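The values are calculated or read from the model by the stated rules, or taken from the named source; none is laboratory data. Computed from a predicted model, the values in this text were never measured in an experiment. Ideal geometry is used to build each Cβ from the backbone, glycine not excepted, and the neighbour counts take in all protein chains shown. With ligands, DNA and RNA removed, areas are computed over all heavy atoms of the protein, side chains included. Shrake-Rupley method; radii C 1.70, N 1.55, O 1.52, S 1.80 Å.
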Amino acid sequence: MRPSPVIAHRASLAHFVSDPEICGEKACEFFEDGLLVIGESGIVVEAGAAESLREKYAGVPVVAHKNTLLSPGFVDAHIHFPQVDAIACGGGDLLEWLNRHTFPAEAAFADADYAAEMAEFFLAELLANGTTTALVFASSHKCSADALFARAREKNMRLIAGKVLMDRNAPPELCDTAESGARESRELIRQWHGAGRLGYAVTPRFAPTSTSEQLHKAGELLAEFPDVLLHTHLSENRRELDFVRELFPGEGDYLSVYERRGLVCERSVFAHAIHLGGDEWRRISARGCALAHCPLSNFFLGSGLFDFARARELRMRIGLGSDVGGGNSFCILRAMEEAYKTARMRGDNLTGMQMWHAATLGGAAALRLDSHIGNFLPGKEADFVALDFAAHPLLARRWQQSQTPEEKLFALAMLSERPTIKNAYILGELAN
Ligand code: GUN
Ligand code: ZN
């Protein structure tokens, strides 16, 4: 049954009802003068052209937005909560950056009070950037995941997170054990998975920081809890690949290290996946895995150029990740821009439609949340972002001159900065 309408927002609307890879530009519904009608409990009742819906919802109060595009909230498919203070720390590739900046920043999350304070900061930063859902790495401390889940629950956000598993090749204060990591993950799943809008992801950091035993236990958790996700890094940096070969001799390619331990399935979300071999592409797509494309961090750390075109050809589910702190911005609009530039560096193309799809419905599908969020179809949860397409004169001109939804979405991604993002709404309520 449809909820009764409570409020309507009148603005330009853009959302995806399918994948532009399959349906082309028809995948996107764009209403220059649109109406988004929201019902009880923050559920979408209907979205469409204001002209055709105005009479039907005549008694419903309307909030009229000027120069505003409403989009489903951005989905950040890969981000690290305890790396807020490792952001914009330059010098060195992934492995150097982890040791020099990231591990010290994460060590501070052993303190539950500090973790609670940072959870507030982190979630506010997500919302200020129009990100209403994220797949999040906590630190290896259970209390960091508790703090993040507790605060996200209060804000009623749809968020998936997990405590990092790592039991080697990291400072001792950050290491758990195969046994304690699995036990704490199980406790966190029981407490938070399905609480409100929260979900859990079993989160081994990456192959180099887990023993074979720990990865096995992560696979056992996946089998035990059939709707939790698996979230990890894969094939991001060439030195990382060498390290994996050294640590898991005779095991074949990087993906096979995860395959052998039951970590490669349709619930797996792999961040980066830059340096995959041909057979890894075949296997990872055949297993129905999702990928998080993290271009901000791939440029910042100099990791490489993700082959988005190939992943799309293989019809994989792909989201965009900020990968903060490896990425130097929380802003998914900036990730779109860098995704475009990555494609150009490879000699490929990326349309406005493809970028916005990955940032909204595609990201939601990567996280297996597309039956709840990602567009404005009736019954979806009304998490959305209001974007000011006249935020600065140059953007206003470019928007005006753009003839098609494709041109408008492309321009907004290329010329947007934080001032463009006005507000985020969670279940129809203003959230920042
Ligand atoms: N690989 C292992 N840990 C990390 C991390 O924290 N950030 C990134 N970008 N890659 C990783
Ligand atoms: Zn990462």
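Tally the DSSP beta bridges in the chain and give the antiparallel ones as a percent, rounded to 5. Display every interim value, and only then the final one.
Numbers: 27 of 61 bridges.
Approximately 45 percent, going by the DSSP bridge assignments.
Could you give me the ³J(HN,Hα) list for the stretch 352-364, computed from phi with Karplus coefficients 6.51, -1.76, 1.60 and θ = phi - 60°, whole Hz, x at Gly and Pro?
x, 4, 5, 5, 5, 4, 4, 7, 10, 4, x, x, 4
How far is helix 212-224 tilted off the main Cα axis of the chain, in degrees rounded to 10, range 0 to 90?
Value to nearest ten degrees: 40.
Could you list which residues have their amide H under 5 Å from that of Ala271, counting only those 5 or more apart in sequence or on another chain, with H placed in the peptide plane?
When sequence neighbours closer than 5 places are left aside, the close amide H contacts are Thr232, His233, Leu234, Ala292.
Taking 0.36 nm per intervening residue step and subtracting the Cα-Cα distance, what contour gain separates Glu173 from Glu407 on full extension?
On the way: separation 234, 0.36 × 234 = 84.24 nm, distance 5.00 nm.
Separation in residues times 0.36 nm, less the Cα-Cα distance, equals 79.2 nm.
Running a GNM on the chain with Cα contacts under 10 Å, which residue among Ile87, Ile79, Ile373 ends up with the highest mean-square fluctuation?
Ile87
Explain nothing, just compute: Karplus ³J(HN,Hα) = 6.51 cos²θ - 1.76 cosθ + 1.60, θ = phi - 60°, for every residue of the stretch 12-21 in order, whole Hz, x for Gly and Pro.
Whole-Hz 3J(HN,Hα) from phi for the stretch 12-21: 6, 10, 9, 7, 9, 9, 7, 8, x, 5.
Distance in nm between label sites at Ser256 and His392, each 7 Å beyond Cα in the beta-carbon direction?
Label-label distance for Ser256 and His392, simple model: 5.0 nm.
Mind checking the dipole of the stretch 338-432: about its Cα centre, +1 per Lys or Arg Cβ, -1 per Asp or Glu Cβ, Debye to the nearest 20?
Values: 10 positive and 10 negative charges, 60 e Å.
Dipole about the Cα centre, nearest 20: 280 debye.
In deg cm²/dmol, rounded to 500, what helix-only [θ] at 222 nm does the chain give when every DSSP H run of at least 4 residues adds -39500 (n - 2.57) and the total is split over its residues? Mind dumping the intermediate values first?
Working: 18 runs with 160 residues, N = 432.
Value at 222 nm, helices only, nearest 500: -10500 deg cm²/dmol.
I need the shape label for the stretch 11-58. Rule: rounded when a/c is under 1.5, else prolate if a/b > b/c, else oblate, with a, b, c from the alpha carbon gyration tensor. Each step should come with its number before you reach the end.
Working: a/c = 2.97, a/b = 1.66, b/c = 1.79.
In terms of gyration-tensor shape, oblate.
Pull out a ≥ b ≥ c, the square roots of the eigenvalues of the alpha-carbon gyration tensor of the stretch 88-181, then state rounded if a/c is under 1.5, prolate if not and a/b is larger than b/c, and oblate in the remaining case. Kindly include the intermediate steps, with their values, before the conclusion.
Numbers: a/c = 2.03, a/b = 1.35, b/c = 1.50.
Taking the square roots of the gyration eigenvalues as a ≥ b ≥ c, the stretch 88-181 is oblate.
Collect residues whose amide H, placed 1.01 Å from N in the peptide plane, falls under 5 Å from the amide H of Phe389; neighbours closer than 5 in sequence don't count.
Those lying under 5 Å, H to H, from Phe389 are Thr68, Leu69.
For the stretch 231-243, take each phi angle, set θ = phi - 60°, evaluate the Karplus expression 6.51 cos²θ - 1.76 cosθ + 1.60, and give the result in whole Hz per residue in order, putting x for glycine and proline.
For the stretch 231-243, the Karplus curve yields 10, 7, 9, 9, 6, 9, 9, 5, 5, 4, 4, 4, 4 Hz.
Please list Asp19, Asp227, Asp323 in order of solvent-accessible area, largest first, computed with a 1.4 Å probe with all protein chains present.
Values: Asp19 45, Asp227 100, Asp323 5 Å².
Greatest to least solvent exposure: Asp227, Asp19, Asp323.
Which links in Lys163/Lys380; Lys26/Lys380; Lys56/Lys155; Lys66/Lys408; Lys26/Lys408; Lys155/Lys408 stretch past 24 Å when you go from one Cα to the other?
Details: Lys163/Lys380 28 Å; Lys26/Lys380 20 Å; Lys56/Lys155 32 Å; Lys66/Lys408 16 Å; Lys26/Lys408 15 Å; Lys155/Lys408 32 Å.
Too far apart for the 24 Å limit: Lys163/Lys380; Lys56/Lys155; Lys155/Lys408.
For Ala150 and Leu314 in the same chain, what is the full-extension length gain: residue separation times 0.36 nm, less their Cα-Cα distance, in nm? Walk me through the numbers before you get to the answer.
On the way: separation 164, 0.36 × 164 = 59.04 nm, distance 3.76 nm.
This chain segment gains 55.3 nm when fully extended.
So how exposed is Arg310, as accessible area in Å² (1.4 Å probe, rounded to 10)?
90
Quickly work out the Ala128-to-Ala116 label distance, labels modelled 7 Å from Cα along the C-beta direction, and quote it in nm with one decimal.
Taking the simple label geometry, Ala116 and Ala128 are separated by 2.2 nm.
Which trypsin sites (Lys or Arg not before Pro) in the stretch 327-408 pass both tests, a DSSP loop state and at most 16 other beta-carbon atoms within 10 Å?
Those satisfying the criteria are Arg346.
Treat each spin label as a single point 7 Å out from the Cα along the C-beta direction, and report the Glu246 to Ser212 distance in nm.
Here the modelled spin labels are 1.9 nm apart.
At a 1.4 Å probe radius, which order do Phe410, Phe206 fall into by accessible area, largest first? List each step's numbers first, then the result.
Working: Phe410 45, Phe206 10 Å².
From most accessible down to least: Phe410, Phe206.
Sort out for me the Cα centre separation of the stretch 44-114 from the stretch 146-204, rounded to whole Å.
That distance is 19 Å.
Once the Cβ-Cβ distance between Ala88 and Arg238 is put in as r, and R0 is 22 Å, what FRET efficiency do you end up with, to the nearest 0.05?
Details: r = 24 Å, r/R0 = 1.07.
Rounded to the nearest 0.05, the efficiency is 0.40.
Could you state the angle between the C-alpha long axis of helix 142-154 and the longest principal axis of the C-alpha atoms of the chain, as a value from 0 to 90 degrees rounded to the nearest 10?
That works out to roughly 10 degrees.
Determine the shape class of the stretch 281-432: with a ≥ b ≥ c the square roots of the Cα gyration tensor eigenvalues, call it rounded for a/c under 1.5, and otherwise prolate if a/b is greater than b/c, oblate otherwise.
Values: a/c = 1.62, a/b = 1.20, b/c = 1.35.
Judged from the Cα gyration tensor, the stretch 281-432 comes out oblate (a/c at least 1.5, b/c at or above a/b).
Once fully extended, how much extra length lies between Arg183 and Ala286, figured as 0.36 nm per residue of separation less the alpha-carbon to alpha-carbon distance?
Details: separation 103, 0.36 × 103 = 37.08 nm, distance 3.11 nm.
Result for the pair: 34.0 nm of gain on full extension.
Could you state the angle between the C-alpha long axis of helix 178-192 and the longest principal axis of the C-alpha atoms of the chain, as a value from 0 to 90 degrees rounded to the nearest 10?
Tilt relative to the chain: about 20 degrees.
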